[in-house]
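What follows is a short report on a single structure.
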Amino acid sequence: LPKTSFFGGVSTRDIANLASKNPNLRIIVGHAANTMSYALDVGMTLRRYENIYFETSCSVSFGIYNLIKTIGHEKILFGSDSPTASTLPIEIEKILSLPRISHEEKQDILYNNVNTLLEMKS
């Protein structure tokens, strides 16, 4: 299974070092757009790593949009943190209401991307 990191205790430099030293390790950055400044840092610093994915729970909508435009929708994984931090309907609506993102891209974010990730062989 992929390694998960959450907003807060790990710097993007640490994540980049881990990804670089372990190219077969799939890393999921949780709460990847928790704030706009973090979304910008995460997107710009980590976009070149093929083994890093970005999860949307507790994220601001424009931060999610920025990540999609910076790294592509294929690396974005839907997350809700439900029921502790938010509700599932609110988190789903954040994805569905994103402007200028196709229906197919939203489907990928909501479920296809994680299915693809979990089916990958190490």
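Selection over region 14-34 of residues that are surrounded by fewer than 20 Cβ atoms within 10 Å (Cβ to Cβ), over 17 Å from residue 117 (Cβ atoms) and touching a helix residue (DSSP H, G or I) at 6+ places or on another chain (Cβ under 7 Å) gives a count of 1. Taking the listed residues 52, 64, the one that is closer than 23 Å to residue 23 by Cα, under 12 Å from the mean Cα position of the chain (by Cα) and without any contact (Cβ under 8 Å) to a residue 40 or more places away in the chain is 52, with no other qualifying. Restricting 57, 61 to those that are touching a Lys or Arg at 6+ places or on another chain (Cβ under 9 Å) and among the hydroxyl-bearing types (Ser, Thr, Tyr) reduces the list to 61. If you filter region 96-122 down to residues that are among the charged types (D, E, K, R), assigned to a helix (DSSP H, G or I) and modelled with pLDDT of 95 or more, you find that the one that is farthest from residue 25 (Cα to Cα) is 104.
Sub-8 Å Cβ pairs linking a first residue in region 91-113 that is touching a residue at least 60 places away in the same chain (Cβ under 8 Å) to a second residue that is part of a helix (DSSP H, G or I), at least 6 apart or interchain, are 113/73; 113/74; 113/75, ordered by first then second residue. A search for C-beta distances below 8 Å between a residue of region 21-49 that is over 18 Å from residue 72 (Cβ atoms) and touching a residue at least 24 places away in the same chain (Cβ under 8 Å) and any residue that is outside any loop (DSSP other than H, G, I, E, B) and of a type in the set (Gly, Ala, Ser), counting only pairs 6+ apart in sequence or on different chains, returns 25/19; 30/5; 34/63; 35/63; 36/63; 38/63.
Annotation: of all residues in region 50-66 being surrounded by fewer than 23 Cβ atoms within 10 Å (Cβ to Cβ) and polar (S, T, N, Q), the one that is nearest to residue 79 (Cα to Cα) is 57.
The values are calculated or read from the model by the stated rules, or taken from the named source; none is laboratory data. Remember, it's a predicted structure, so these values are computed and weren't measured experimentally. We place every Cβ from the backbone using ideal geometry, glycine too, and count neighbours over all the protein chains shown.
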